[in-house]
1. List every residue pair whose Cβ atoms lie under 9 Å apart, where the two residues are 6 or more positions apart in sequence or sit on different chains, the first residue falls within the stretch 124-142 and is within 14 Å of D61 (Cβ to Cβ), and the second residue, located anywhere, is of a type in the set (G, A, S) and not in a helix (DSSP H, G or I).
2. What residue, among those in the stretch 211-221 that are crowded, with 21+ Cβ neighbours inside 10 Å and under 26 Å from A278 (Cβ atoms), is farthest from the chain's Cα centre (by Cα)?
3. So, N110, is that one touching a helix residue (DSSP H, G or I) at 6+ places or on another chain (Cβ under 7 Å) and not hydroxyl-bearing (S, T, Y) or not?
4. For W648, all conditions in the list (1) surrounded by fewer than 20 Cβ atoms within 10 Å (Cβ to Cβ); (2) at negative phi; (3) part of a loop (DSSP other than H, G, I, E, B) hold save one; what is the number of the exception?
5. Please pick out the residue among T346, T298 that is crowded, with 24+ Cβ neighbours inside 10 Å, closer than 24 Å to H121 by Cα and in contact with a Phe, Trp or Tyr (Cβ under 8 Å, 6 or more places away or on another chain).
6. Report yes if some residue within the stretch 250-265 is under 30 Å from E678 (Cβ atoms), touching a Phe, Trp or Tyr at 6+ places or on another chain (Cβ under 6 Å) and not β-branched (V, I, T); otherwise report no.
7. Name the residues in the stretch 464-495 that are hydroxyl-bearing (S, T, Y) and without any contact (Cβ under 8 Å) to a residue 60 or more places away in the chain, would you?
8. Identify the single condition in (1) touching a residue at least 12 places away in the same chain (Cβ under 8 Å); (2) over 22 Å from the mean Cα position of the chain (by Cα) that E80 does not satisfy, given that it satisfies every other one.
Amino acid sequence: MPLTDVRIEDAFWAPRQKVTRDKTLPHNFKMCEETGRIGNFVKAAGKMEGGFEGYFFNDSDVYKALEGAAYALAGDSDPELMKYVDELIAKIAAAQQSDGYLNSYYILTNEPRWSNLAHKHELYCAGHLIEAAVAHYQATGKRALLDVAVRFADLIDSLFGPDKRHDVPGHEEIELALVKLARVTGEQRYLKLAEFFLEQRGRAAGRELYGDYCQDHLPVREQSEIVGHAVRAMYLYSGVADVAALTGDQGYIDAMDRIWNDVVRRKMYITGGIGPSAHNEGFTVPYDLPNDTAYAETCASIGMILWNHRLNLLHGDARYADVLEQVLYNGFLSGVSLDGEKFFYTNPLGSKGNHHRRPWYSCACCPPNVLRLLLSLGRYVYAHSDDAVYVNLYVGSSAKIPVGGTTVTLRQETQYPWDGKVRIVVDPAENAEFAICLRIPGWSRYATTGLDDGRAPARTILQDGYARIQRKWKRGDVANLDLPMPIRRITANPRVKENVGKVALQRGPIVYCLEGTDNGGRVRHLTLPRNAELHAEHRPDLLGGVTVIRGTVLATGGEGWDDDLYRHAAEAESAEFVAVPYYAWDNREAGEMVVWLPESPLLLEPPPVRWVTASASRCWQSDTLLALHNRQEPKSSNDHGIPRFTWWPRRGSLEWVQYDFDRARRVSSVEVYWFDDEAAGGGCRVPTSWRLLRRDGESWREVQGAADYGAELDQFNRVSFTPVETTGLKIEVQLQEEYSGGILEWRVGRE
């Protein structure tokens, strides 16, 4: 559906889009200006002094923001925004080289063009330029940016292809962009170039393969499992689906079906998020879905929406729209704050209070990606064939759709996702025979459809997940859908080991979580018995208006075992709880959060050691000092499934980490489990050397009688020393030259 033919008017998404236009869009442009991203183009045009600023792929963030602006202009006339966009496009066009080349990093650094396709994102940036250009042209009819993109695409086409250079981008994106360019220009060379890049992936003839991280380990038709970097995979397979739709390539279609099943049935979070691992920003083994350390990048969720939308159009099957909806309302929407100016890069399903949205990132792919998705939401609501209209998302909206030899205007009225009643008013330009296909969500039970008038009932069948209502429609006809929304308790496959014995809550498409701010400051000591009564309650005054879930849980004291072997059984007390939509968490006071709740107190994780407070010379922003004393046993020094502490990105330096005790305590040993990710290709190693200091008044002194300071992998390194009473201990570490380091757990032995 063209974006200009759909208008969103409901109480859930319309306010969100307004915040996106009014806040997120100017915020993105402001940050692109302040961080030098836009200035890079001005410098590349020779109109400002200075070198390149930021990451080598920073051009792409500007292009994505421009694409978002184009979608804003498609919906509303905004002279001020139009003027800003025209001026920005002029800056970009001025940087384009005489042969059509455009990449500010390579222009300003004088690095050889196309010399590092595996890592330097030239074709990725070109793809985002093309997408922005197509969106701008479709929204405004202006060709300024489209002409820039066409010139660059023509240069790329002259360099890559049969009888030319055989290579592929390490980060996919240009493939789907070229299909868009082919559609808008009618030039089939661009489709052929997209096919070429897809065909070359995984084929070693005449070039080096980049491996499964880039989905470059096998030809696409031979791939069956999702591997590597999650965002790259989604962009690749979106391009594959586009080409398959235009060419009917059955080999591509079969590969997409196999890979989709692998993702959805073995490697996707309940939120629709994908890519559990930070070390490759992507996939590991089946059923590896940790909660607190879930990477689940926001851009990967956007990629899931793009891919599943294309698969839905390709197959006409509602199960792909089901996944799109699951991601949209949960794993994607969590990526942006309610005020539209703070963002999650990663989206864990549990937090001890240390994970928060940020206004921007040095690697800022997510903020402008969120922007462009939210402002293009209208294109995902409806689809059509020659004889049917498909309603894929239940969003209050109006749309003009060609079907059955006429044009029909649909008006959708609903309070979804809080209420499952949907009313669709049909207004064809002339009476016509066609079908309206209403998606019956996979989460739904006992859905019913009906018509408002008293005419002979329409023929309704359930086909590929849609209730297909076939009749001759006239002006004023109304189709109704009722989707009851009971609260559902969701359990995970037992092979997802972290969620054995746990339950999550879902109502309609919304996945819920518990936040400390609603539940006395803590939630990780709560269990949800199977017989607990649950109730839904709409709160228009909370988090922009949400339906919450209330009920009764069991709360334990949460005392740690410390050095005890036995103790009295902990008593659990009943307590009231409130669960809020997962997408809305971390918009209020900082604190704990969980999606999955144990059903028994026996499954509660041990709480962090409460009598220590950790500090360090440096803690990487994606890590946490809580990892030092959270009592989670590492499986190995390369364990990426639990929280960790590192000094990253400091390398080869003298660093420290310390515990301050709540009072003077007599201690006699420590055990340190070092983090070392050499096996994963990371930059952390065990230290060259280390020593242990104790606080002595205002000074620090090395402990006496210490045995050898060990730095062995995959075990606790124990150091015993002469017992001493102190209020704190400090580990002083010499990092290996050119490497950083970290700790997974640090235990203190008391007398």
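1. Y124/G170
2. Of the residues in the stretch 211-221, the ones crowded, with 21+ Cβ neighbours inside 10 Å are 214-216, 220.
When the remaining residues are screened for being under 26 Å from A278 (Cβ atoms), the result is 214-216.
On the way: C214: 18, Q215: 19, D216: 22 Å.
So, considering only residues that are crowded, with 21+ Cβ neighbours inside 10 Å and under 26 Å from A278 (Cβ atoms), the one farthest from the chain's Cα centre (by Cα) is D216.
3. Numbers: touching a helix residue (DSSP H, G or I) at 6+ places or on another chain (Cβ under 7 Å): no; not hydroxyl-bearing (S, T, Y): yes.
Judged against the criteria, N110 is not a match.
4. It fails just one condition, (1).
5. Working: T346 fails: crowded, with 24+ Cβ neighbours inside 10 Å.
Of the residues listed, the single one that is crowded, with 24+ Cβ neighbours inside 10 Å, closer than 24 Å to H121 by Cα and in contact with a Phe, Trp or Tyr (Cβ under 8 Å, 6 or more places away or on another chain) is T298.
6. No, there is no match, as no residue in the stretch 250-265 is under 30 Å from E678 (Cβ atoms), touching a Phe, Trp or Tyr at 6+ places or on another chain (Cβ under 6 Å) and not β-branched (V, I, T).
7. First, the residues of the stretch 464-495 that are hydroxyl-bearing (S, T, Y): 466, 491.
Passing the criteria: only T491.
8. (1)
The values are calculated or read from the model by the stated rules, or taken from the named source; none is laboratory data. Computed from a predicted structure; not experimentally measured. Cβ: placed from backbone, ideal geometry, glycine included. Neighbour counts: every protein chain shown.
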